[in-house]
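> Below you will find the structure I want to go over with you.
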Amino acid sequence: VIVYRAEWVVPVTSPPIHRGAVAVEDGQIAWVGTAGDAPGGEARELGAAALLPGLINVHTHLELTLMRGFLEQLPFFEWIVTLTKARREVLTDDDLREAARFGIVEGLAGGITTFADTSESGVVLGAMQSAGVRGIMYQELFGPDPRQRDDALAQLAAKVTVLRERETDLVRVGVSPHAPYSVSEELFGAVAKFALANDLPVAIHVAESEEETNFVCNAEGPWAESHRKRGIAVVPRGCSSIEYLRRTGVLEVSPLLIHCVQADAGDVAVIREANCPVAHCPTSNAKLGHGTAPLMEMLEAGVPTGIGSDSVASNNSMDLLADARVALLAQRARARRPDVLDSHRMLSLCTLEGARALGIAGRVGSIERGKDADLAAFPLEHPSLTPLHDPVDALIHSAGPHRASMVAVKGRELVQDGRVLADNDHLRARISADAARLAQWRRR
Ligand SMILES: [Zn+2]
């Protein structure tokens, strides 16, 4: 038995415990309470720190970690086209795997223990597995041309068969038909049937930008032009992206909906009706100039919602508690009220509600007896954290950047004394060298 002691223990499902302790046995939480009442065992003193459940990042693109700062200030269409082209022309699977490994290092440094990642290359599953973190890797697929449906589906099936052999207790495979502008109506329907038959979780980027809405509703804008140039018929659907997805049948598998910025009250009702969870990515949505998703409305409707960092190409860091602060501030600014959301609710979105969105709340997301010991300790020594009244207010409103001193996944420590064990100079040099190649490609 290992007994962690910390100035504060924050179980999420109950109020913070001052001078608390958590006992871990066989990778599971065996006991939680005040340090004075803790059972005997090997003591781990975390000192002036808040011990939290490991954070759950419900949307990442780990393989794009080497694209941090690569494309700034571009209009969204140009941004995504350039990014996709660069990935396909310049980077090998090996480059992407190293980038994913480094992305996991960054996430662990910020206390993230679970990653819900969409990956085109498919290398992220192996990276998560060797790093010892928890996650779902959704294999991405594209295919805007209805004639591509059978080929795209056959390729997906082949990839999933190989990936599934590598599933473990901690890492799972899902599928991600990318977005309404990159996947045809026919392919959405086919993927939904495939996912249902194979019991695979699904994630979709949707309602992210005005350009996307214009494409779906009116068959206008840069994607419509680009599709027509490629000989792909573009049909005005006369509805929102979310309503369009409903009509394709794909919402019947309750996919994780990523973004939902362009969602009105009717769309929120559709999301709720279809039991879809949402990945809210406030920093990415703001940075790319897309806007602010109706987070309060989704929460009010009871939509399971987590916080996602999105890729570092659009964030540019992976600091989930910082994203939670951005989300809170954006909603208060939008509502012009100081009493919407609070830091405890935001922490819950980063932990328990994120776990619910991914269907794993029975195992992680809170510090409770019987759950897996996914834990993250954050030091409370920075000047901005004195005086401290409530550790969660402090972590959300005044701490940052958030650097964990100890992180464990299912009881295995992956960060010790503030050092990510998987981090090394060789990996960093590799990432920088690959990023330099990308920059050179762009200048040519
Ligand atoms: Zn994304």
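> If a residue counts only when it is away from the ligand (no atom under 16 Å from the Cβ), modelled with pLDDT of 95 or more and open to solvent by less than 10 Å² (accessible area, probe 1.4 Å), which strands (runs of 3 or more DSSP E) contained entirely in the stretch 22-71 have at least 1 such residues?
Values: elements: 28-34, 42-45, 49-53, 55-60.
Where strands (runs of 3 or more DSSP E) fall fully within the stretch 22-71 and carry at least 1 residues being away from the ligand (no atom under 16 Å from the Cβ), modelled with pLDDT of 95 or more and open to solvent by less than 10 Å² (accessible area, probe 1.4 Å), they are 28-34, 49-53, 55-60.
> Follow-up question, since we're still on this one. Does any residue of the stretch 66-85 turn out to be without any contact (Cβ under 8 Å) to a residue 60 or more places away in the chain, within 21 Å of the chain's Cα centre (by Cα) and over 28 Å from C260 (Cβ atoms)?
The answer is no; no qualifying residue exists.
> I've got another one for you. Among residues belonging to the stretch 269-288 that are closer than 20 Å to C217 by Cβ and surrounded by fewer than 21 Cβ atoms within 10 Å (Cβ to Cβ), point out the one that is farthest from the ligand (Cβ to nearest atom).
A269
> Sticking with this structure for a sec: Kindly indicate which of S130, S121 is polar (S, T, N, Q), surrounded by fewer than 24 Cβ atoms within 10 Å (Cβ to Cβ) and in a loop (DSSP other than H, G, I, E, B).
Going through S130, S121 in turn, the sole match is S121.
> Out of the stretch 399-436, which residues are exposed (fewer than 14 other Cβ atoms within 10 Å of the Cβ) and not in a strand (DSSP E or B)?
P401, D417, G418, N424, D425, H426, R428, A429, S432, A433, A436
> Condition (residue is over 17 Å from V12 (Cβ atoms), open to solvent by 40 Å² or more (accessible area, probe 1.4 Å) and of a type in the set (K, R)) applied to the stretch 336-345: is it met by at least one residue?
Within the stretch 336-345, the first condition is being over 17 Å from V12 (Cβ atoms), and the residues that meet it are 336-340.
In the following step, the residues that additionally are open to solvent by 40 Å² or more (accessible area, probe 1.4 Å) were identified as 336-339.
Among the residues that remain, those that are also of a type in the set (K, R) are: 336-337.
Yes, that holds for at least one residue.
> Residues of the stretch 207-227 being touching a strand residue (DSSP E or B) at 6+ places or on another chain (Cβ under 9 Å) and more than 22 Å from R147 (Cα to Cα), which ones?
Within the stretch 207-227, A207, E208, S209 qualify.
> Filter the stretch 315-347 for residues that are in contact with a helix residue (DSSP H, G or I) (Cβ under 7 Å, 6 or more places away or on another chain), in a loop (DSSP other than H, G, I, E, B) and over 29 Å from Y138 (Cα atoms) and give the result.
Matches in the stretch 315-347: P338, V340, L341.
> Next question, about the same structure. Of all residues being of a type in the set (G, A, S) and assigned to a helix (DSSP H, G or I) in the stretch 289-314, which is nearest to the ligand (Cβ to nearest atom)? Just the residue, please.
Among them, the one singled out is S314.
> Answer with yes or no whether S317 is of a type outside the set (K, R), buried (at least 21 other Cβ atoms within 10 Å of the Cβ) and either within 16 Å of the ligand (Cβ to nearest atom) or in contact (Cβ under 8 Å) with a residue 12 or more places away in the chain (or both).
The answer is no for S317.
The values are calculated or read from the model by the stated rules, or taken from the named source; none is laboratory data. Remember, it's a predicted structure, so these values are computed and weren't measured experimentally. Positions of Cβ are generated from backbone atoms using ideal geometry, with glycine treated the same way; all protein chains shown enter the neighbour counts. Accessible surface is based on the protein model in full, side chains and every heavy atom, while ligands, DNA and RNA are left aside. Shrake-Rupley method; radii C 1.70, N 1.55, O 1.52, S 1.80 Å.
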